[in-house]
1. Can you tell which of 182, 194 is among the β-branched types (Val, Ile, Thr), modelled with pLDDT of 95 or more, out of contact with any Cys (no Cβ under 7 Å at 6 or more places or on another chain) and surrounded by fewer than 22 Cβ atoms within 10 Å (Cβ to Cβ)?
2. Among 156, 146, which is over 23 Å from residue 81 (Cβ atoms), charged (D, E, K, R), touching a residue at least 40 places away in the same chain (Cβ under 8 Å) and not in a helix (DSSP H, G or I)?
3. Name the single residue, out of those in segment 495-523 being among the charged types (D, E, K, R) and closer than 18 Å to residue 424 by Cα, that is surrounded by the fewest Cβ atoms within 10 Å (Cβ to Cβ).
4. Here are the criteria: (1) farther than 23 Å from residue 214 by Cβ; (2) crowded, with 18+ Cβ neighbours inside 10 Å; (3) among the small types (Gly, Ala, Ser). Tell me which single one residue 309 does not satisfy.
5. Just for strands (runs of 3 or more DSSP E) wholly inside segment 43-100: which have at least 3 residues that are touching a residue at least 24 places away in the same chain (Cβ under 8 Å) and under 26 Å from residue 449 (Cα atoms)?
6. Which one is nearest to residue 330 (Cα to Cα), of the residues in segment 370-404 that are assigned to a loop (DSSP other than H, G, I, E, B) and in contact with a strand residue (DSSP E or B) (Cβ under 9 Å, 6 or more places away or on another chain)?
7. Cβ-Cβ distance below 6 Å, separation of 6 or more or different chains: which pairs start in segment 203-219 with a residue that is under 14 Å from residue 252 (Cβ atoms) and end on one that is of a type in the set (D, E, K, R) and in a loop (DSSP other than H, G, I, E, B)?
8. Could you give every pair whose Cβ atoms fall below 9 Å, whose first residue belongs to segment 396-424 and is closer than 12 Å to residue 448 by Cα and within 16 Å of the ligand (Cβ to nearest atom), and whose second residue is assigned to a helix (DSSP H, G or I) and not hydrophobic (A, V, I, L, M, F, W, C), counting only separations of at least 6 or pairs across chains?
Amino acid sequence: MVRRLGLLALVGLSIAALPAPQAQFDLLITNARVVDGTGSPWFRADVAITGDAIAAIGHALPRTAARVIDAQGAVVAPGFIDTHTHARRGINTNPTAPNYVRQGVTTVIEGPDGSSPLPLGPFLDELDRLQKSVNIGSMVGQGSIRSAVIGSVNRRATPEEIQKMTAMVDQAMRDGAFGLSTGLFYVPGTFTPTEEVIELAKVAARYGGFHASHQRDDASKVLDSVRETIAIGEGGGLPTQITHHKVIGKANWGRSADALRLVDEARARGVDVTSDQYPYTASSTSIASALIPAWALEGGREAQRARFADSLTREKVLDGVAAMIRDERGGGDPKNVQFANCGFDASLTGKTLADATRARGLEPTIANAAVTTLWIVEQGGCQGIFHAMSEDDLIRILRHPATMIASDGEIPTFGRANPHPRSYGTFARVLGRYVREQGVLTLEDAIRKMTSFPAARLGLLDRGLLRPGAKADVVVFDPTRVRDTATFTDPHQYAEGFSLVVVNGAVVFENGQMTPARPGRLLRRR
Ligand SMILES: [Zn+2]
C-alpha cells in the first residue's frame, strides 16, 4: 500500500514536470514598495497571488506566474475597507462601484446611521447573488428597527417593544450583520433614550458585533454625544465607534480636542472606542434632517404637514430652521448650504440655499433662507451639502491614532445629480492632500487607517493586511500622483494615481479601465 502511494506520487510528479515550466502563482506583482497595512515602513518585495489569496511576499520569489505585473516601484497595499457607506444607493445599478474601486476601495459596509433594510437576511442574500466588483457587508440599523416597531414618534418603548426590537437585532446578527448602527441625530433615532440603545447593543455584543453611531448632536452638544457613544459601548459591552467624527458649527469649532480627550480617557480605562472620518469640511444629508428641528418632523408626513399649516407652529418651525442655519449645519450663511439632488426640481442641483432664496425674490438673509428651506421641504425636499466644519478639527481628528477613514458615500451614477465628492475622493484625498501635500499622516499610517484598522473593527482578520494566506484584495498606486479630483461643484470625477485593483485575486481595475471580472463577495460576520 505504502509503495503504491509512493508510486502514484512519483507519477504525479513526473506528469507535473512534463509541460513547460508550470506557473507557480496566478499573479505576481513585482518591483513593489509594499505597505502591508500594519503601519510599518514600506519594504521592497514582490507579491504573489494564487486563487483568491496571497501566496507569498518576498524579494526573491520565483518568477513563475501565469501573469506578472511590474509595479515599477509603486506602492502595493491591501485593498481599502470602508466601514461607513450608503452603497445600497447604487450597488444594484452600478455593481462595479467604479467610484470606490478607482480610489482603491475593495470592501464597503452598508447599513450606517441607524438605517438598514429589514429583515436584513433577504437583503444580504440578494447582495450575495449580485455579480459585483467589491466585497460588501452590512450593519443593522437601530432607527429602522424602532421605526418598524414603534413608528417615528417621540416616546419610550414598552417592555414588549424592547423585546421585539432586541429579537430583530438578534435575527440580523444571526444573518451576518457586523453590528448595530445608530443615527441618534435622525428621526426616529433621536427619540431613543440611551438605555434603550444599550439594550439593543447588548444583543449585538453577544455575537461579537460593534456599535457605530451617527451621534445625537455633532454641534453644540458634541461632547455629550461623545460621552453617550462611549456609554453605549460601556453599557452594551461592545466596541463603539463615533462615525464620521466631526464638529459642526463655528461656535463649536475646536471642541474636537475635548472630544478626542474623552476618547483617550475611555480607551485608558478599557473601553474600545474608535472613530471614523471623511476628509472634507462639509457634510451631506437631507435638507429636512439637517435644517428642520426633529420635533417638527415627528410622526411622519401627515403630522408634519399639519404642523406647517398651523401659522403659530409654522413660526416656531421657522425659528428652529433659522437657528439650524445660523448655528449648525447651515454654517452661519445660506450660501454654505448646497443642493446635492432635488427630486422635485433638478435645476436646483448644485445651487446654494442663498441662490434658491434669491430666485424666490427674497434677500438671502437667514430668516428668508428659513422660509425657502421650509418651502423646499414641502415640495418634497432635497439632499444637501453643508459647509460647517473647520479644517483644524478635521486634521486633529484625522491625526488621532484611533481614527480610521470611511467615506459615508454612495455609488452615484456617473454624471447624475451633484453628490458629495466623498463618494469619489475620500481615500485618494487622504493620500494626496493629507499625506503627500500636507504631511499630516505618514503614508504607512494612512494605509493602516484604511486597511488593518477597519478590518479589525469588523473582525475581518483575513483582510486588511498583506500576508500569505490573507484574501488577495490588493491595490497599486503611485504615491507621487495619487489625488482626488472630485469637487463640490464638479463631483463626478474619478480619483487618480491607481493603476491596479485586485479583489479576491481577480483584477477588477487596470490600465484606467474597469475589467469584466465580478469577484466581489458578500461578507457576513463570523
Ligand atoms: Zn451619518
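1. 194
2. 156
3. Of everything passing the filter in segment 495-523, 510 is surrounded by the fewest Cβ atoms within 10 Å (Cβ to Cβ).
4. (2)
5. In segment 43-100, the matching strands (runs of 3 or more DSSP E) lie at 43-50, 53-58, 75-78, 80-82.
6. 388
7. Going by the 6 Å Cβ cut-off, the qualifying pairs are 218/246; 219/328.
8. 403/449; 404/448; 404/449; 404/454; 404/457; 405/426; 405/449; 405/454
The values are calculated or read from the model by the stated rules, or taken from the named source; none is laboratory data. Predicted, not measured: the structure shown is a model, and the values here were computed from it. Methodologically, a virtual Cβ is constructed for each residue, glycine included, from the backbone with ideal geometry; neighbour enumeration extends over all protein chains shown.
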